[in-house]
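Read the figures in this text as sums done on the coordinates, not as results from a lab. Bear in mind that the values here come from a model prediction, so they are computed numbers and not experimental data. Backbone-built Cβ (ideal geometry, glycine too); neighbour counts: all protein chains shown.
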Ligand code: ZN
């Protein structure tokens with residue numbers, strides 16, 4: 001599994017619907033993967049990336065609300081838990097796994113973020129604003145939930161054409177072998193779980 005270059009998978013890749021498993025150990029290889037996740041996120045002009053968006057079934061995500069290396073705050077959260085949701089706010093969201101699609105999504109205004117950083121230090125902090133939105137979006141990913149699952153039927157109708165295009169693209173890449181078979185994807189996930197979860 002070392003030889004596979006890390007890349008962002010797009011809807012309807014099955015790992016995006018997979019409930020990720022808690023990480024039991026962090027080693028040099030996983031640290032390198034997290035580094036590569038930041039690279040991919042910045043290249044794609046994103047502000048957050050969950051491990052299952054790079055086809056890894058592990059409960060961790062990276063984020064940086066500034067979206068630029070060297071700017072803002074780089075956050076790595078392992079085994080996140082969200083608590084004490086307060087308020088509701090609507091804001092436009094997109095997703096690196098749903099390229100080109102955007103819609104306003106209702107999220108809690110503030111919350112408490114618990115989890116671990118890369119050094120194994122406990123995270124326990126109140127977050128609000130844009131960072132709170134990013135964290136809720138990434139946390140959803142780890143449970144196999146996409147922002148399109150949080151839209152009204154009317155909002156979904158507006159995105160239907162774009163979703164269909166992604167579906168057609170995915171199916172054609174599956175046919176040509178650019179995307180591995182469902183069983184190959186599942187066995188790769190099992191290898192990663194064996195190693196880290
Ligand atoms: Zn996303």
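Can you find a residue that is over 23 Å from residue 15 (Cα atoms) and either within 16 Å of the ligand (Cβ to nearest atom) or surrounded by 11 or more Cβ atoms within 10 Å (Cβ to Cβ) (or both) anywhere in the range 136-151? It would help to see each step written out before you state the result.
Within the range 136-151, the subset over 23 Å from residue 15 (Cα atoms) is none.
No, that holds for no residue.
Looking at the range 107-128, can you tell me whether even one residue there is within 15 Å of the ligand (Cβ to nearest atom), assigned to a strand (DSSP E or B) and surrounded by 13 or more Cβ atoms within 10 Å (Cβ to Cβ)?
yes
Residues to consider are 179, 148; find the one that is on the phi < 0 side of the Ramachandran plot and touching a strand residue (DSSP E or B) at 6+ places or on another chain (Cβ under 8 Å). Steps first, answer last, please.
Numbers: 179 fails: touching a strand residue (DSSP E or B) at 6+ places or on another chain (Cβ under 8 Å).
Every option except 148 fails the conditions.
Among the residues of the range 82-104, which ones are assigned to a strand (DSSP E or B) and under 16 Å from the mean Cα position of the chain (by Cα)?
Initially, the range 82-104 is screened for residues assigned to a strand (DSSP E or B), giving 82-86, 89-93, 103-104.
Once the filter is applied, which keeps residues that are assigned to a strand (DSSP E or B) and under 16 Å from the mean Cα position of the chain (by Cα), the range 82-104 yields 82, 93.
What do you reckon, is residue 60 within 30 Å of residue 152 (Cβ to Cβ), in contact (Cβ under 8 Å) with a residue 12 or more places away in the chain and either touching a helix residue (DSSP H, G or I) at 6+ places or on another chain (Cβ under 6 Å) or within 16 Å of the ligand (Cβ to nearest atom) (or both)?
Numbers: within 30 Å of residue 152 (Cβ to Cβ): no; in contact (Cβ under 8 Å) with a residue 12 or more places away in the chain: yes; either touching a helix residue (DSSP H, G or I) at 6+ places or on another chain (Cβ under 6 Å) or within 16 Å of the ligand (Cβ to nearest atom) (or both): yes.
No.
Within the range 161-177, identify whether any single residue is more than 16 Å from the ligand (Cβ to nearest atom), outside any helix (DSSP H, G or I) and touching a helix residue (DSSP H, G or I) at 6+ places or on another chain (Cβ under 8 Å), and answer yes or no.
Scanning the range 161-177, I find no residue that is more than 16 Å from the ligand (Cβ to nearest atom), outside any helix (DSSP H, G or I) and touching a helix residue (DSSP H, G or I) at 6+ places or on another chain (Cβ under 8 Å), so the answer is no.
Scan the range 41-53 for residues that are surrounded by fewer than 20 Cβ atoms within 10 Å (Cβ to Cβ) and touching a residue at least 40 places away in the same chain (Cβ under 8 Å) and jot them down.
Across the range 41-53, the qualifying residue is only 44.
So for the range 81-91 (the condition being within 15 Å of the ligand (Cβ to nearest atom), buried (at least 16 other Cβ atoms within 10 Å of the Cβ) and free of Cβ contacts under 8 Å to residues at least 60 places away in the same chain), does at least one residue qualify?
Checked against the condition, which is being within 15 Å of the ligand (Cβ to nearest atom), buried (at least 16 other Cβ atoms within 10 Å of the Cβ) and free of Cβ contacts under 8 Å to residues at least 60 places away in the same chain, the range 81-91 yields no hits at all.
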